[in-house]
Every structure is written in C-alpha cells, then in structure tokens.
Amino acid sequence: MGLVDVFRWEARPTELRDPVLVASFKGWNDAGEAASFATAYLASAFGAHRFASVDPEGFFDFQSHRPRISVTDGRVDGPIVMPSLELASATPPDGRSLVILAGSEPSMRWPTLCRAALDIAVDLGVRDVITLGALIADVPHTRPVRLTHMSAPAAMTERLGPRRPDYQGPTGIVAMLHASAADRGLNAASLWAAVPHYIGT
C-alpha cells in the first residue's frame, strides 16, 4: 500500500511557514478526550483546512469503530458517518504553520499509516513532530495539569522540567508515530496530560 493509496488528497497546502506536525488520536491514547480536544482547539482557533483524509476501509475495523447513522421519523437522515483520520493545515498570524493529523486511532496498518503521514509531512517541509496523548492518573482537577514528556533530541522538551517517564508495556499509535519520526531523523516530542480517573470516560 503506497502513499497514494493511504490518503485521499483534496488540495495541497501552499505557503506553509516552517510547519510543525501536531498529531492526536481518539481512543486508547486519549483519556477524557484531552488530546483530541487540544488538536480540535488548534484547528478551530487558527482556521485549519482539511487537505487529505484516510480511506477508512483500509485502516478501521468497523466492529470496533462503528459507523454512525442518524434516523429521523423512520428515515435515514443524511449519509452514514465513517470513522475518520484527516490531515489539515493552518498558519497562525504569527509563528509557524501547523499540519494537524487528527481522528480516531486506526485498528490496523499502523506502520503504513505512520510512514505515509510522515512522507507527506516531510514533503511539506516539516522538521518537528509533536504527538499528544492523555492518560488516566490519580490527580485532582483542581490542580494544574501534570504533563509527562519524551523527546528526541531530549533538549526539545527541556524547558518542561524533569517529568520524563519510564515505561514498558502496551502502546498506541501515538508512540509509534513518535518513534517513527525520531527514526527518520525528525525532531520528535510526545506530550501526555494526566487526566483525573473520575473523568477519564
């Protein structure tokens, strides 16, 4: 499966200014939908425009990512909504352009998706990749959000302080995209927010 088969293009972004890729995925990596909310906020605040999307049939198991239907007065009201994963771009008035990868964590073909997304990002001039995640933790909502971070090179997130994780175990596509970016020699940072266990759902 090549790059052309993974993403359906709508338009190629132009006039990007030293773009950075920011990515989040709904699902296992997204306690309380904190990470997906963050990318949705960026997209809304800076007027992002979708320029490509993933063909859902190639990446989603529809038994675990059910398409959604709307029925009104016994009639199907509009098209069935499929799970989605999209690329959008935005350029704030001041600062660097954003290439935003957001949507549901796919069910399969993670390495293929990561390669294709990073191929597109590099082609658009991206050198820095930031992935966002959220995890359930024993923290209260009344205190500042606790961030955990990892980066390659380490200096990329140095100013955030010493909270760097030690972990061995299952992972999601956020970590795979982060590791894939670092393996390609891109600057890669992953930021995780700790979400109170009582609002994790």
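The values are calculated or read from the model by the stated rules, or taken from the named source; none is laboratory data. The shown structure was predicted, so the numbers you read here are calculated from the model rather than taken from an experiment. We place every Cβ from the backbone using ideal geometry, glycine too, and count neighbours over all the protein chains shown. For the accessible areas, the whole protein counts, side chains as well, though only heavy atoms, and no ligand, DNA or RNA atoms are used. Shrake-Rupley method; radii C 1.70, N 1.55, O 1.52, S 1.80 Å.
Some values worked out for this structure:
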| item | result |
| --- | --- |
| Test: residue in the stretch 27-47 that is among the charged types (D, E, K, R), open to solvent by 20 Å² or more (accessible area, probe 1.4 Å) and more than 13 Å from Leu85 (Cα to Cα) | yes |
| Restricting the stretch 99-112 to residues that are of a type in the set (A, V, I, L, M, F, W, C) and open to solvent by 20 Å² or more (accessible area, probe 1.4 Å), the residue that is nearest to Gln63 (Cα to Cα) | Met108 |
| Evaluation of Pro13 against (1) modelled with pLDDT of 90 or more; (2) farther than 25 Å from Thr148 by Cα; (3) open to solvent by 70 Å² or more (accessible area, probe 1.4 Å) (one fails), failing number | (3) |
| Hits in the stretch 180-201 (condition: more than 19 Å from Arg163 (Cβ to Cβ) and not hydrophobic (A, V, I, L, M, F, W, C)) | Ser180, Asp183, Arg184, Gly185, Asn187, Tyr198, Gly200, Thr201 |
| Number of the exception - Val139 against (1) surrounded by 14 or more Cβ atoms within 10 Å (Cβ to Cβ); (2) at pLDDT 80 or above; (3) of a type outside the set (Lys, Arg); (4) over 16 Å from the mean Cα position of the chain (by Cα) | (2) |
| Qualifying position, being in contact with a strand residue (DSSP E or B) (Cβ under 6 Å, 6 or more places away or on another chain), farther than 20 Å from Ala121 by Cβ and among the hydrophobic types (A, V, I, L, M, F, W, C), among Val54, Val71, Val81 | Val81 |
| Residue list for the stretch 95-115, restricted to those being within 19 Å of Ala38 (Cα to Cα) and more than 15 Å from the chain's Cα centre (by Cα) | Gly95, Arg96, Ser97 |
| Unmet criterion (only one of (1) part of a strand (DSSP E or B); (2) open to solvent by less than 30 Å² (accessible area, probe 1.4 Å); (3) more than 19 Å from Ala189 (Cα to Cα)) for Glu86 | (2) |
| Residue in the stretch 70-78 that is polar (S, T, N, Q), free of Cβ contacts under 8 Å to residues at least 40 places away in the same chain and part of a loop (DSSP other than H, G, I, E, B) present | yes |
| Residue match in the stretch 54-61 (condition: open to solvent by 20 Å² or more (accessible area, probe 1.4 Å), touching a Ser or Thr at 6+ places or on another chain (Cβ under 9 Å) and assigned to a loop (DSSP other than H, G, I, E, B)) | yes |
| Unmet criterion (only one of (1) touching a Gly at 6+ places or on another chain (Cβ under 7 Å); (2) without any contact (Cβ under 8 Å) to a residue 12 or more places away in the chain) for Ser104 | (2) |
| Only one of Leu118, Leu132 that is under 21 Å from Thr14 (Cα atoms) and either open to solvent by less than 30 Å² (accessible area, probe 1.4 Å) or not aromatic (Phe, Trp, Tyr) (or both) | Leu118 |
| Exclusive hit being open to solvent by 90 Å² or more (accessible area, probe 1.4 Å), out of contact with any Phe, Trp or Tyr (no Cβ under 6 Å at 6 or more places or on another chain) and over 15 Å from Val6 (Cβ atoms), set Val20, Val76 | Val76 |
